[in-house]
Amino acid sequence: MPTEREQQILDLIRQNPLISQKELAELLGMTRAGLASHISRLIKKGLIVGKGYILPPNEHITVIGAVNMDIAGTLQSSELIPKGSNSGAINNQLGGVGRNVAANLAALGVATNLITVYGSDQNGEQFAEDAIRRGIDISSAQQLPNQATAMYMYINYQNGERFVGLDDMTINQAITPEFLEARLPLINGSKQVIIDSNLAPETIRWIYGHVTVPIIAKAVSVTKSQHLLQDNVNLASLVVNGVEGTIFTSEKMTTLAEAKQGADSLYKMFHCSIYLYVDNIGIVQRTVDGTNCYQYQSDTEVVNTNGLGAAIAAGLAYATLNHKSTTATLTLVSQLAELTMETAENVNTKVTAQTVDQ
């Protein structure tokens, strides 16, 4: 919460967003140095965006999660030769569930605030430049000196399915409750918050206990998905794939019937809407209104499934923001899922509000 003096500053900025620092200091009877100190604290609290006098947008979505550089390999052959050199294609691209969600939201025209940490290396600089180009607000993110941006290496089969992945996400340990505490006013000023399970369990527990707006969670990996299951779960929706869903429920989810049963089990476990997506099958939606499913089109060419869950989470937030019906929401997230699968990019350049609102 702002102090009395900080509230006075905010009130003056609301009255005149173009007011100068000199004018603010004179109106408040303060020195320029004293005012600068208050402005700095307001930025840290998220009550002013960036270093100018820009107030956070009224209808923004905040994403809290990981950014990383992906090193992606795709096998040329349908079989992998263990302990041998396998021919294939290798490419580097920006990724991370938090970053991919934010990029999809920005493409959909949603004011998006991304809270993350990144390194002072070339990958970190590339991320910052890309975020600015896309219109993602990263003024509440933090670049950590002398640290490397997170990295994720993975190998896919030709059909886009993952064979193996390896990540170095140590830097995300810096997203602590204390780190988020200073940004809580901005977070709770959002229409919705989206998190991913790259966050530490104690950080997710803190988010459940302190965030007062609807939260969407994206499960990430079989080893980190369990971070989301706490005794104070506070979610509006959970986006999870079949492999991660099995980790939670110990139930197979390889057929449509199994996926429907799995979604129901997850609904009872998390007490929130479930969006369960399963390779080669489709998306199962379990809400208070019941269970619906969308089966992927048979002519969908699957190139890469890495950004699939992030696209679904972003689409869900967009649909909620625009008051879409349950049925329309499932259709919209399914459109985004198929668009994402059809490209090697983590975020398809064809994603726009016009594309999904047709």
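Candidates Ile207, Thr74, Ala337 compared by Cα position along the dipole of the chain: farthest toward the positive end lies Ile207, with charges placed on Cβ.
Scan segment 267-358 for GluC sites (Glu not before Pro) in coil per DSSP, keeping those whose Cβ has at most 11 other Cβ atoms within 10 Å, and list them by number. List each step's numbers first, then the result.
Numbers: sites: Glu301, Glu338, Glu342, Glu345; in loops: Glu301, Glu342, Glu345.
Those satisfying the criteria are Glu301.
Extent along the principal axes, Cα only, for the chain: 72, 49, 40 Å, with the longest axis given first.
Using just the alpha carbons, could you tell me how many Å³ per residue the convex hull of segment 13-149 encloses?
Details: hull volume 19.3 nm³, N = 137.
Considering the Cα atoms of segment 13-149, their hull volume per residue is 141 Å³.
Using a Förster distance of 41 Å, how high is the FRET efficiency between Glu125 and Glu4, based on the Cβ-Cβ distance and rounded to 0.05? The pair Glu125/Glu4 has a calculated efficiency of 0.55.
Just the protein heavy atoms count here, and of the accessible area of the chain at 1.4 Å, carbon and sulfur take up 51 percent. The alpha-carbon positions of segment 134-177 define a convex hull whose volume is 141 Å³ per residue. Between segment 294-358 and segment 231-291, the alpha-carbon centres lie 18 Å apart. Comparing Val110, Val233, Val193 in a Gaussian network model of the chain (Cα springs below 10 Å), the most mobile by mean-square fluctuation is Val233. Take the Kirkwood radius over Cα pairs of segment 261-330, plug it into Stokes-Einstein at 10 °C and 1.306 mPa s, and you get 123 µm²/s for translational diffusion. Under the criterion of Cα pairs below 8 Å and six or more residues apart, the relative contact order for the chain equals 14 percent. Rounded to 0.05, the FRET efficiency of the Asn322 and Thr349 pair, given R0 = 30 Å and the Cβ-Cβ distance, is 0.90.
Summarised in one figure, the compactness ratio Rg/Rh of segment 146-246, Cα atoms and Kirkwood Rh, is 1.00. GNM, the chain, Cα, under 10 Å: largest mean-square fluctuation among Ala66, Ala317, Ala344? The residue with the greatest mean-square fluctuation here is Ala344. Rolling a 1.4 Å probe over the heavy atoms of the protein chains gives segment 228-358 an accessible area of 43 Å² per residue. If only the Cβ of Lys and Arg carry +1 and only the Cβ of Asp and Glu carry -1, the dipole of segment 190-265 around its Cα centre is close to 180 debye.
Of the residues Ile81, Ile216, Ile71, the one that moves most in a GNM of the chain with alpha-carbon contacts below 10 Å is Ile81.
Each listed q (0.24, 0.25, 0.27 Å⁻¹) maps to a log10 I(q)/I(0) for segment 105-182 from the Debye sum over equal C-alpha point scatterers, namely -1.10, -1.12, -1.16. Diffusion coefficient (Stokes-Einstein, Kirkwood radius over C-alpha pairs, 20 °C, 1.002 mPa s) for segment 103-145: 203 µm²/s, rounded to a whole number.
Please report the base-10 log of the normalised intensity I(q)/I(0) for segment 237-358, using a Debye sum with one equal scatterer per alpha carbon and no solvent, at each q in 0.17 (1/Å). Debye intensities relative to I(0), on a log10 scale: -0.79. Pair-distance distribution of segment 159-309: all C-alpha pairs, bin width 10 Å, starting at 0; shares per bin in whole percent are 11, 39, 33, 16, 2. Pairs exceeding 31 Å between alpha-carbon atoms, taken from Lys83/Lys260; Lys191/Lys268; Lys191/Lys350; Lys44/Lys324; Lys83/Lys268; Lys268/Lys350: Lys83/Lys260; Lys44/Lys324; Lys83/Lys268; Lys268/Lys350.
The values are calculated or read from the model by the stated rules, or taken from the named source; none is laboratory data. Owing to the predicted nature of the structure, the values given are computational and were not obtained by experimental measurement. All Cβ positions, glycine included, derive from the backbone under ideal geometry; neighbour counts span all protein chains shown. Note: accessible area is taken over every heavy atom of the protein model, side chains too, but ligands, DNA and RNA are not part of it. Shrake-Rupley method; radii C 1.70, N 1.55, O 1.52, S 1.80 Å.
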